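Structure first, then comments.
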Amino acid sequence: MSDAQIGRRALLRGAGGLAALAALPSLAACGTGTSRVSSGSNKGGSKTVVVRDSGGSYGAALQKAIYAPFTQETGIQVKVLNLDDAPLLAQIKQGRPQCDLINNSMMSHFKYVKQDALEALDRDRLKSLKSAKIPDNQITDHAVGHSFYGQCIAYRTDAFGGRKPESWADFWDTKGFKGGRAMCSPDGDLPELEFALLADGVPADKLYPLDVDRAFKVLTRLRGDIKKFWDSGPVPGVLLSRQEVTMSTVWDGRIADLQKQGVPVERQLNGIRRQFSAYAIAKGAANVDNAYRLMDFSLRAESQANLAKAFPSNPSSPLAYARLTEDERNALAGAPKYYDKGFDADVDWWLKNESAVTKRWLEWARG
């Protein structure tokens with residue numbers, strides 16, 4: 001990943017986020033197809049729904065656990081679109097989105113709402129809200145949380161003579177836990193200021209509002225040992241597999257795949273930062289009825305449990321965990337035994353401060 005790549009993508013994100021990206025002519029040109037008008041129904045009784053997801057092993061799990069069973073039950077074919085926020089938002093602003101249902105982070109959905117890019121939800125059309133007991137704090141006017149993902153520590157189990165890092169303080173301790181580190185760039189996720197503060201002794205329940213100056217001072221102590229800033233989910237695993245680093249921040253769901261490949265890695269969930277993923281319907285979607293049906297199907301406790309069996313997704317439905325075996329449940333960061341080890345990212349704080357923090361991060365990363 002070059003500085004130029006980090007600079008263009010992260011700077012745009014920090015210079016106004018989705019609004020700035022949507023203004024780029026090259027991205028606006030990504031919108032294809034015919035103009036669409038949202039009527040709350042599917043003209044001609046369409047038997048198709050197009051859903052945006054991030055693809056990869058997660059997309060394969062969605063196909064197995066959600067999309068295929070949904071098609072079998074309803075006869076509605078699910079088409080998948082792997083598209084970044086910027087071109088998708090540009091399509092919506094043009095009135096011709098290529099997808100109907102959007103599976104994305106809750107924070108991205110809040111940004112979409114500011115751009116008037118999502119349909120207001122009719123909760124009466126989502127029976128699973130009650131049957132799956134989706135928590136109220138995961139239900140907004142435009143999106144419903146179906147799971148969370150977390151950023152935590154991944155480490156090589158053969159690197160420290162049998163010792164195991166227990167906290168972010170250990171991540172920062174390159175004398176006691178030797179080896180290079182990798183951390184996330186703003187192209188991959190939110191800057192990891194919270195981890196620096198936790199390493200410096202700030203309690204998890206006292207993190208927000210973040211002390212940005214203090215966080216960057218702590219980050220600077222580690223800067224010389226950071227060998228790579230990763231910008232996509234597979235990168236930490238590659239770095240750990242090649243022994244380029246002994247510890248990295250990572251999305252918790254990526255660890256299981258590495259372990260299946262025989263890589264000697266483990267995760268540490270103390271101080272995990274949780275962010276919720278959610279479903280929303282694109283403004284102007286062609287297949288609104290089918291989008292509601294797929295969303296409702298996906299939110300069922302049974303569906304969330306099936307997805308967790310296929311991919312280490314952490315269901316929002318508390319009933320989903322009861323459908324898992326003890327081993328399956330305890331493999332998830334959302335299991336009751338682990339939940340209190342982490343904290344929820346403060347979406348409101350980040351929405352207000354992401355641009356300024358991203359700009360400062362870029363200046364810091366380049367020295």
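Quick look at the numbers
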{"read-out": "Within the range 246-337, helices (runs of 4 or more DSSP H) holding 1 or more residues that are farther than 24 Å from G56 by Cα and either open to solvent by 30 Å² or more (accessible area, probe 1.4 Å) or in contact with a helix residue (DSSP H, G or I) (Cβ under 9 Å, 6 or more places away or on another chain) (or both)", "value": "288-299, 318-321, 326-330"}
{"read-out": "Options V357, V288; residue that is at pLDDT 95 or above, over 30 Å from L222 (Cβ atoms), over 15 Å from the mean Cα position of the chain (by Cα) and of a type in the set (V, I, T)", "value": "V288"}
{"read-out": "Any hit, the range 19-34, residues being modelled with pLDDT of 50 or more and surrounded by 14 or more Cβ atoms within 10 Å (Cβ to Cβ)", "value": "no"}
{"read-out": "Scope the range 87-132; condition open to solvent by 60 Å² or more (accessible area, probe 1.4 Å) and part of a helix (DSSP H, G or I); matching residues", "value": "K93, Q94, F110, K114, R123, D124, R125, K130, S131"}
{"read-out": "Scan of the range 309-354 for residues that are within 22 Å of L207 (Cα to Cα), at pLDDT below 95 and among the aromatic types (F, W, Y), ordered by number", "value": "Y338, Y339"}
{"read-out": "Test: residue in the range 206-214 that is open to solvent by 10 Å² or more (accessible area, probe 1.4 Å), more than 30 Å from R366 (Cβ to Cβ) and within 16 Å of the chain's Cα centre (by Cα)", "value": "no"}
{"read-out": "Given (1) at pLDDT below 95; (2) under 22 Å from L222 (Cα atoms), index of the condition E363 fails", "value": "(1)"}
{"read-out": "Selected residue [touching a helix residue (DSSP H, G or I) at 6+ places or on another chain (Cβ under 7 Å), among the small types (G, A, S) and free of Cβ contacts under 8 Å to residues at least 40 places away in the same chain] from A169, A182", "value": "A169"}
{"read-out": "In the range 217-236, residue farthest from T157 (Cα to Cα) [restricted to those that are open to solvent by less than 10 Å² (accessible area, probe 1.4 Å) and either under 20 Å from the mean Cα position of the chain (by Cα) or touching a residue at least 60 places away in the same chain (Cβ under 8 Å) (or both)]", "value": "L219"}
{"read-out": "Residues of the range 162-201 that turn out to be modelled with pLDDT of 95 or more and either among the small types (G, A, S) or open to solvent by 20 Å² or more (accessible area, probe 1.4 Å) (or both), as a count", "value": "21"}
{"read-out": "P69 surrounded by fewer than 21 Cβ atoms within 10 Å (Cβ to Cβ), modelled with pLDDT under 95 and on the phi < 0 side of the Ramachandran plot", "value": "no"}
{"read-out": "Hey, V80 open to solvent by 40 Å² or more (accessible area, probe 1.4 Å), modelled with pLDDT of 95 or more, hydrophobic (A, V, I, L, M, F, W, C) and outside any helix (DSSP H, G or I) or not", "value": "yes"}
{"read-out": "Total residues in the range 207-225, condition under 17 Å from I272 (Cβ atoms) and not hydrophobic (A, V, I, L, M, F, W, C)", "value": "1"}
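The values are calculated or read from the model by the stated rules, or taken from the named source; none is laboratory data. Note that the coordinates shown come from a computational prediction; the quantities given were computed from them, not determined experimentally. Note that we place each Cβ from the backbone using ideal geometry, even for glycine, and neighbour counts take in every protein chain shown. Keep in mind that these areas ignore ligands, DNA and RNA; they rest on the heavy atoms of the full protein, side chains included. Shrake-Rupley method; radii C 1.70, N 1.55, O 1.52, S 1.80 Å.
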